[in-house]
Structures are given as C-alpha cells and as structure tokens.
1. Would you check which residues across the range 1-38 are assigned to a loop (DSSP other than H, G, I, E, B) and either within 14 Å of the ligand (Cβ to nearest atom) or of a type in the set (S, T, N, Q) (or both) and list them?
2. Pairs needed: first member in the range 1-27, closer than 16 Å to Thr37 by Cβ; second member anywhere, among the hydroxyl-bearing types (Ser, Thr, Tyr); C-beta distance under 8 Å; at least 6 residues apart or different chains.
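Values in this text are rule-based calculations from the coordinates and carry no lab data. Just so you know, these numbers come straight off a predicted model, no measurement behind them. Glycine also receives a Cβ, built like all others from the backbone with ideal geometry; neighbour counts cover every protein chain displayed.
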Amino acid sequence: MEGRSDHHKCEALFKAFGIALGQATRIGPWPATVPSTKGTL
Ligand SMILES: [Mn+2]
C-alpha cells in the first residue's frame, strides 16, 4: 500500500474498517449509497 498523505492513509484505514464492521453486523444487503462520509464525491 502506498500514499503520500498520512491523513488520507489513516482515513482509508478507518473507513474500510467501519464499512467492514457495518457489513459484518447487518443482515441483508448493504445500502447502495455513495460511499462518502460527506455524502458526495
Ligand atoms: Mn480528510
């Protein structure tokens, strides 16, 4: 894994963990929304 920004590397790590945790603790499909904490890309 590579990246120049420590800030963005940390964000990616925690975002991936949060999404994985959410998916692992829900029954049924994961909501098909924009995968951004800001609600937009
Ligand atoms: Mn940020």
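1. Gly3, Arg4, Ser5, Thr25, Thr33, Ser36, Thr37, Lys38
2. Lys15/Thr37
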